[in-house]
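Derivation of every value follows stated rules applied to the coordinates shown; laboratory data play no part. Predicted model only: the values in this text are computed from it and were never measured. Using ideal geometry, Cβ is built from the backbone for each residue, glycine included, and neighbour counts are taken over all protein chains shown.
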Amino acid sequence: MNYFLLAVFALVLIWGIFFWGDPISFNLVPRARAPVQQQDSIREQIVQVLEQQVRPSATIKETQLELELARTPEEQSQGLSQRELLPENTAMLFVYEEPTIPGFWMKDMNFALDMIWVDQNNAIIAVSENVAPESYPEIFFPPSLVKYVLEVNAGWAQAHGVTVGDTVVFNGVF
């Protein structure tokens with residue numbers, strides 16, 4: 001009788017593992033795997049999708065700038081301070097909720113900048129060129145209300161023919 005109960009118990013245990021256990025961990029159900037070439041193709045497709053995701057950018061006169069965003073007061077206060085450089089064709093975009101007249105200074109800056117002042121209609125209203133770190137503690141202001149400020153490497157605005165009245169087209173910012 002004891003052997004009978006032990007055998008029934010063993011069968012119930014095996015049956016429970018088989019039907020309620022994880023079949024993959026017991027290799028009872030083979031995993032579906034794509035061939036290596038198909039896996040590589042899938043990886044390439046994933047990379048392409050990720051690369052096509054909208055990254056913040058701005059276009060001025062057919063020249064595109066990648067953007068680093070400064071939206072919060074903390075990010076705006078930090079700006080590009082203490083950075084060694086700003087990559088070519090990259091800008092820091094300061095975004096304000098309401099049109100304002102912000103003041104910018106070059107405290108703790110290590111390189112010169114152009115500041116491009118942009119109103120709520122995305123029109124450039126002024127450009128402060130070649131603002132050097134040595135200008136600190138001078139504060140730079142736009143001539144009227146702005147909604148955005150672009151900081152780019154010194155000389156960028158002149159090299160790309162940026163002038164007052166040009167329009168900035170933002171992509172992936174809002």
So which of 102, 137 ends up being touching a strand residue (DSSP E or B) at 6+ places or on another chain (Cβ under 7 Å) and over 27 Å from residue 62 (Cβ atoms)? 102
Against the conditions (1) part of a loop (DSSP other than H, G, I, E, B); (2) farther than 14 Å from residue 68 by Cβ, where does residue 99 fall short? Just the number, please. (1)
Of the conditions (1) in contact with a Phe, Trp or Tyr (Cβ under 6 Å, 6 or more places away or on another chain); (2) farther than 14 Å from residue 79 by Cβ; (3) not aromatic (Phe, Trp, Tyr), residue 173 clears all except one; give me its number. (1)
